């Protein structure tokens, strides 16, 4: 990696100040994406602002019918949190499938959400659950927040501070892993909750995680795996690579949707 | 009080002595070594598959902080540094020697694959070296690339080397063509089969690393390197590249974290750090990162083959014809030419009585990383071809695949058995390993398991009855076939004054457990407890000589050298014992550490004898030298021939195409087993790599010669959850020509398993009219087949 200045602020205000003062500074949470990029010299920030010392970014709590998860909450904590396991078991189960033990004990939900990797798990979950992303400046709905491959509504220097998720009536997740990276090749999160029936897919879309509206309509009418089994997605909107064609991924979204509904019960 | 001494000799599952060190993080790997005053090298590599180097501007880089030196190919050429040598010369059908183009250590004039080394920066820190490497300006004129063998052989293809017209390295053959044609003429049926053996990236856990050091007071060079054969590296680098006499060059291969063949070869980086250390007069360390490993470690496999099998009306094989294209990559790696010839085509008889075989092999240069031996080397390619072909043929002949194999087995009473492709098998019992494996895998119960398969899953079972050849030898024969080295091994047994033993071996352990297995040989023969045996390897300054570890040779060849040395120890010990016990030598018997005068109660321990040998107060000094240390060189009379049977059982999820190996059974004949636990581990490791090849791994280049699967994000390595429980058993027939009766177990897993897995996959898809599926059987590929997909389905 190239040399950079290292900061470890203890408050969001200080972190935001550091980032505002230097447009080439980058925040780092778990570092599961930024660190490899730094090591490969694919990224050359002037400074790295480490968010791990900010206590206000931690913690999971229930506020009425909403689960609020601090941005620096690790995947392991999401997977094992009693609040999440009882309120949104599908989210806890999903977090338990991210990466491996080491990744789950370093990587954070806020980092994953802010990065919006098209193969990451959380974006589809938040889209399906109708989550809201809280930043140091504002609240943004998941629908508005995720804007394509590695693209979000975050402005320069804006930090994700927490994720708010309304507790659903039921939810389920299923994914097919890429055999090499073990990231999602196609994953589908389904939820029935205060925002109605919502379905979102990751890994497969040419433009990142996306809502599958035709499946939402089908499930709203008939919440069963069979309801989505016949829905075919347009391969033109899918991503193809050496691991699988767009046609294959389109097919996988249907299969995973079916399994996610079965999982949700 | 009786002390119970556990049996530690041949056949005991002694716990691996080296594991405490490895498992507690106290292994000493090359990158763990730091020499006083050490500097760091970073190698600038070609980003292009094929390009002319128009110019290299190092001025800016040289002025950067911490930079001590920058060298290019021109600097090495100016000092008459040789190219990297090839250790095996193949002759084409017409008698002409193979094309053997120069392989400069640092590229001169042209780069020929992505990763080809262009310049080296030596700096105080690795960071500084990397910064400076980025500041080197290389002007390339990019040339069209020949990234695949198809591209390289096409008319008008880009010419990679001046001395290799049409990018052909050699056009070799073996066997009797006329006899083959005659056999085919009277065949009841000829089954044709085409297949590609997928290209693999070895991916040892420890990346390659090298430290070069120069002592200006003595003129001595030292190279620490991740090598499977330090003496071979000393020989090749000293004699052919850097022109340093052996006595001035020490090569140390300390703990090495996996090799699988990829650490046999003499690599550019070894020569670079050693030579440059003499220039900058400071030690220089280079360690690959994973990206560099992908583009600089020799790859494996990569064959395209067309085969025809002639069978009579009774299902007996009449003949086999094989035509193979083998990818050499951009340059000839150390042993590359012998892999698709003498380690491949000579194995095409397998375990069958095929009376005539004719095989042609064309070796092709491409703009890719060099290809060389990888766990199994040639034998997995031959086995995969044969064992898939046996299944395809059985199906087309309407025969049961097990019975078709059994009908064509070399019978157990036919040994020694001469094949039509040069090899003479010394021993084996293929019926026995087959029967034992079918029993252990409950082959008979499969249909019930298929019926009971998890909901919607497609279950299949596959078999492979394989044979391989290990401990390649004898030196005179391999020399006549083109080897530029001998293939013996060296062992020294040093009995210390109080009776403990140091073993010095030319074999090298990089995961095999030699420190334990070799100590067991000493325990068994000399009666010395394993804890009192030290095994030394991997250092040319300590071990007299050696050819190293590859081709499952360590025990069959290296262990046999130790036995010969121990026999010399025993012979000398008897003479000392005879003197001490005032008996005649003929009357002295030796068994596990005790010298006895036959028919009396007189005895001496090995420790008594060694003490007398080192403190020769009462000693036959007129006729015997003091000391108790013996060295033996062992040159085998033949290869060894492990063989056996593997059965794989798979379940396929038809909705996703994902194949799961749910059960794997191996019954191998590896000759006498020294440590059953280590053999089991070796087989399991080999099976893991075989399943990797069958289901996951694939090195894919695009048409421009960029490696698309150039990182672990895109190259699928097998992981623990990809692997089933692997049941391992052995059925032994002894090797008849080495003193231990051993055959070798390091590669059997990787050789026998890929066709067993693929035969199971094809079996699982039997309702889909599938004749063949190319490796790796990825989910996407299987899904395409099941769903009558488009182009990929026919592969």
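The values are calculated or read from the model by the stated rules, or taken from the named source; none is laboratory data. Since the structure is predicted, the reported quantities are computational estimates derived from the model, not experimental observations. Counting neighbours? That spans all protein chains shown, and the Cβs are built from the backbone with ideal geometry, glycine included.
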What residue, of B:69, B:49, is surrounded by fewer than 20 Cβ atoms within 10 Å (Cβ to Cβ), within 23 Å of residue B:137 (Cβ to Cβ) and modelled with pLDDT of 95 or more?
B:69
Being touching a residue at least 60 places away in the same chain (Cβ under 8 Å) and within 30 Å of residue B:715 (Cβ to Cβ) is the filter; apply it to the range A:208-243 and report the residue that is surrounded by the most Cβ atoms within 10 Å (Cβ to Cβ).
A:209
Hits in the range B:583-598 (condition: more than 40 Å from the chain's Cα centre (by Cα) and surrounded by fewer than 18 Cβ atoms within 10 Å (Cβ to Cβ)):
B:584, B:585, B:586, B:587, B:589, B:598
Looking at the range B:685-734, which of the residues that are part of a strand (DSSP E or B) and closer than 22 Å to residue B:649 by Cα is nearest to the other protein chains (Cβ to nearest Cβ)?
B:726
Note on the range B:39-70: residues over 18 Å from residue B:125 (Cβ atoms) and under 33 Å from the mean Cα position of the chain (by Cα) are B:45, B:46, B:47, B:48, B:49, B:50, B:51
Mind checking whether some residue in the range B:162-172 is touching a helix residue (DSSP H, G or I) at 6+ places or on another chain (Cβ under 9 Å), modelled with pLDDT of 95 or more and within 14 Å of another protein chain (Cβ to nearest Cβ)?
no
Note: among B:107, B:145, B:157, B:179, just one is in a helix (DSSP H, G or I) and surrounded by 15 or more Cβ atoms within 10 Å (Cβ to Cβ), namely B:179
Which of (1) closer than 29 Å to residue B:469 by Cα; (2) surrounded by fewer than 17 Cβ atoms within 10 Å (Cβ to Cβ); (3) more than 14 Å from chain A (Cβ to nearest Cβ) does residue B:769 not meet, given it meets every other one?
(1)
So residue B:298 passes all but one of these: (1) in contact with a strand residue (DSSP E or B) (Cβ under 8 Å, 6 or more places away or on another chain); (2) surrounded by fewer than 21 Cβ atoms within 10 Å (Cβ to Cβ). Which condition number does it fail?
(2)
Quickly run through the range A:57-100 and pick out the residues that are under 20 Å from residue A:193 (Cα atoms), in contact (Cβ under 8 Å) with a residue 60 or more places away in the chain and under 13 Å from the mean Cα position of the chain (by Cα).
A:69, A:91, A:94
Looking only at the range A:159-174, filter to residues that are assigned to a loop (DSSP other than H, G, I, E, B) and touching a residue at least 40 places away in the same chain (Cβ under 8 Å); which one of those is farthest from the other protein chains (Cβ to nearest Cβ)?
A:167
